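Okay, so here's the structure we're looking at.
Nothing in this text is a laboratory measurement; each read-out follows from the coordinates by a stated rule. On a predicted model such as this, the values are computed, not experimentally measured, just so you know. Quick reminder, even Gly has a Cβ in these numbers, built from the backbone with ideal geometry, and neighbours come from all protein chains shown.
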Amino acid sequence: MTFNSASPSGVHPELQAANDNASSRIFSLDVLRGIALLGILIISIWEFGGFSANKQTFFRTGTHGGNYNLLFEGKMRALFSIIFGASVILFIAKKDQPSTLSVADLYIRRMLWLMLFGIFNAIVLLWPGDILFQYSVLGILLFPFWRVSRKGLLIAAIIATLIYCGKNYWNYTDDKKTYGKYLAVKEVEKKFKKDSIERAGKDSIWALQHKDSVANKLQRDSIAGKLSKDTAVKKLMNDSLAKQAKNDTLTKEQAKDKGAWKE
């Protein structure tokens, strides 16, 4: 390295550009980015450990009934998304880019690198919760909006919010309807159980009252009449319960409604 082309300040132009780039970073933005990443790590560490959703809920809430998850779940992703958007604006608005390429080329290349990191994270590291790929795709789709006026951005944000809220409400009504069908099926199953108990009680009383006549008939119908009276009555009861079980069966539609909510 020679210093023939040094700037008036005595610092080489490449070093000066690096210093300017470092000093142009916004400290508060970096701090918020770190907080968001650590908050996301607190939520994701349970999945890193291979815990199921039920296990995660158990360990997070504990016996005290509290849930620190309330402070992090969703909040950190939202904060990280806001910082991502701010970084996009700052990158595009930066006038002294350290390259001869256009801002559009640098920005798209930046998003493509982010996409590659996301693919590596999901396929090689096998992390199902990767969001880098989604950020890169959204970053590319958002690029044309940087020339839109503030009023246009506000209108677009309102439209996107209404679509998102409408989609969530649509899902909520579907879930509510599915849950209602599930409760109806549960009531049918309760009725089956109640009716089965009542019929079983009635059959037991009837069988005891007609024990001798029933046993004699079954003994005559059996092979060589080898059934004892107790065995004959027990066979009668089992046949009755089997018949009840066949009758107390959910229809295909009811079974489908029950399975839909469980899924």
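Structure notes:
- Between the beta carbons of Gln97 and Asp174, assuming R0 = 45 Å, the FRET efficiency works out to 0.40 to the nearest 0.05.
- For the listed peptides 51-58, 35-42, a ranking on the average number of other beta carbons within 10 Å per residue, highest first, reads 35-42, 51-58.
- Cα-based Rg of the range 112-182 normalised by 2.2 N^0.38 Å, two decimals: 1.60
- Per-residue Karplus couplings for the range 169-175, computed as 6.51 cos²θ - 1.76 cosθ + 1.60 with θ equal to phi - 60°, are listed in order as 5, 4, 5, 5, 5, 5, 5 Hz, Gly and Pro entered as x.
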